[in-house]
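Data block below; observations after.
The values are calculated or read from the model by the stated rules, or taken from the named source; none is laboratory data. All of these numbers come straight from a predicted model, not from anything done at the bench. Glycine gets a Cβ as well: all are built from the backbone with ideal geometry, and neighbour counts include every protein chain shown.
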Amino acid sequence: MTISPDTVSLADIEAARARIADRVRHTETAASAALTERVGYPVFLKCEHRQLTGSFKLRGATNALLRLPPEIRRRGVVTVSTGNHGRALAHAAAAEGVRCAVCLSTLVPANKIAAISAAGAEPHVGGASQDDAQQAAEKLVAEQHLILIPPFDDPDVIAGQGTLGLEIVEDVPDLELVVVPLSGGGLAAGVAAAVKGLRPRVRVVGVSMERGAAMHASLLAGHPVPVDEVPTLADALGGGIGLDNRHTFAMVRSLLDDVVLLTEGEIAAAIRHAHAVEGETLEGAGAVAIGALLAGKVAPRGPSVAILSGGNVDPALHRRILAGADTVEELA
Ligand SMILES: *Cc1c(COP(=O)(O)O)cnc(C)c1O
């Protein structure tokens with residue numbers, strides 16, 4: 001399959017890195033003794049849950065915002081989000097003194113909405129799905145002329161997320177495998193473009209939850225398809241990929257080696273492992289790469305990196321998962 005010419009290149013990702021260098025952290029890549037023992041090859045954790053705003057989303061949001069000409073940026077920005085992209089864009093917009101509105105569905109956890117307000121942005125909460133939130137964002141674009149910065153299907157957002165892949169290759173030169181959380185595919189597309197641009201033989205495997213994995217269903221169908229959005233411990237992986245997807249579907253289809261799905265119990269086990277064994281506090285989406293290795297759903301053949309994509313878990317929810325709860329229903 002060929003990638004459309006406007007797809008993100010390694011040069012775009014390197015340019016993004018220079019653009020955002022003084023606004024984001026180069027997060028550490030920490031060796032995991034327990035996972036290394038478990039899989040038989042060195043395993044490293046890319047600690048993006050320690051990124052400013054608690055997730056990698058700051059990379060793409062900052063790059064997209066800084067790519068807007070100043071006179072356009074001044075009108076303000078709007079986005080639709082499962083929480084972390086909204087928080088990241090709120091942070092990036094505040095740094096530029098720019099207005100920011102974030103449209104979210106009622107599935108988004110309260111701690112994420114509170115963080116968006118705390119960063120000085122306006123949360124607009126309503127509707128039961130990402131599609132509803134998308135419509136609310138389009139209304140703000142039409143009525144208030146805000147600039148839409150999409151959460152994943154945007155070349156500047158993808159290039160920003162790809163900067164994480166450049167750091168991985170620098171920090172683990174003999175890399176064989178990268179395991180990446182997958183929802184709309186901005187992270188996976190950017191990381192795969194960066195990693196394979198520099199190391200063509202490295203495998204990149206995406207991980208989603210069994211409940212409502214839109215990219216996985218779309219890859220099987222051969223085109224973007226809608227999915228039912230249902231509550232999951234990996235709330236940041238919820239939502240569709242957009243039926244008019246222009247970038248991430250094609251990139252994920254051509255660049256990823258495999259996509260695997262986790263049960264809710266496997267996600268909960270990964271959150272518990274991260275806390276008890278690695279000493280890391282992760283949200284569900286941030287733990288799925290560990291979950292795929294623990295469940296044996298991805299088999300390393302050499303040095304491997306698991307991307308820990310976010311840590312913005314509601315503290316009360318986190319405590320209940322640590323105490324043994326395995327599904328959102330048990331937690332309700
Ligand atoms: C958004 C998000 C993802 C998925 O990123 P996509 O670019 O939509 O695939 C994974 N983990 C966390 C913590 C996120 O916030």
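Listed here are the residues, each with its yes/no results for (1) modelled with pLDDT under 95; (2) surrounded by fewer than 23 Cβ atoms within 10 Å (Cβ to Cβ); (3) within 28 Å of Ile307 (Cα to Cα).
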position: Ala110; (1), (2), (3): yes, yes, yes
position: Glu122; (1), (2), (3): no, yes, no
position: Ala128; (1), (2), (3): yes, yes, no
position: Leu146; (1), (2), (3): no, yes, no
position: Gly165; (1), (2), (3): no, no, yes
position: Pro181; (1), (2), (3): no, no, yes
Next on the checklist: Between Ala18, Ala31, which is more than 18 Å from Ile158 (Cβ to Cβ) and surrounded by fewer than 22 Cβ atoms within 10 Å (Cβ to Cβ)?
Outcome noted: Ala31
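Right, Ile168: outside the structural domain of Leu104 (by TED's automatic domain parsing) and more than 17 Å from Thr79 (Cβ to Cβ) or not?
On the way: outside the structural domain of Leu104 (by TED's automatic domain parsing): yes; more than 17 Å from Thr79 (Cβ to Cβ): yes.
Taking the combined requirement at face value, the residue satisfies it.
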Next on the checklist: Criterion first (of a type outside the set (A, V, I, L, M), at pLDDT 95 or above and within 16 Å of the ligand (Cβ to nearest atom)) does Pro155 satisfy it?
Outcome noted: yes
Next on the checklist: Please verify whether Ala274 is at negative phi, within 17 Å of the chain's Cα centre (by Cα), buried (at least 21 other Cβ atoms within 10 Å of the Cβ) and part of a helix (DSSP H, G or I), treating the condition exactly as stated.
Outcome noted: no
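What strands (runs of 3 or more DSSP E) completely inside the stretch 1-99 contain at least 1 residues that are assigned by TED's automatic domain parsing to the domain that holds Ala128 and touching a residue at least 40 places away in the same chain (Cβ under 8 Å)?
Values: elements: 29-31, 43-47, 77-80.
Hits in the stretch 1-99: 77-80.
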Next on the checklist: Being charged (D, E, K, R) and either within 18 Å of Gly160 (Cα to Cα) or within 16 Å of the ligand (Cβ to nearest atom) (or both) is the filter here; which residues of the stretch 64-104 pass it?
Outcome noted: Arg67, Arg73, Arg87, Glu96
Checklist entry - Quick one: what pairs do we get from the stretch 312-332, first residue at positive phi, second surrounded by fewer than 14 Cβ atoms within 10 Å (Cβ to Cβ), C-beta under 9 Å, 6+ apart or different chains? => result Gly324/Glu330
Checklist entry - In the stretch 278-289, which residues are of a type in the set (Val, Ile, Thr) and either touching a Ser or Thr at 6+ places or on another chain (Cβ under 8 Å) or not assigned by TED's automatic domain parsing to the domain that holds Ser183 (or both)? => result Val288
Next on the checklist: Whether any residue in the stretch 225-234 is surrounded by fewer than 22 Cβ atoms within 10 Å (Cβ to Cβ), over 18 Å from the mean Cα position of the chain (by Cα) and outside any loop (DSSP other than H, G, I, E, B) is what I want to check.
Outcome noted: no
Next on the checklist: Pairs please, first residue from the stretch 135-158 and charged (D, E, K, R), second anywhere and in a helix (DSSP H, G or I) and crowded, with 21+ Cβ neighbours inside 10 Å, Cβ atoms under 7 Å, 6+ apart in sequence or on different chains.
Outcome noted: Asp153/Thr248; Asp154/Ala64; Asp156/Asn63; Asp156/Ala64
Checklist outcome for this item: Those helices (runs of 4 or more DSSP H) completely within the stretch 121-223 that have 3 or more residues that are within 13 Å of the chain's Cα centre (by Cα) are 155-171, 186-198
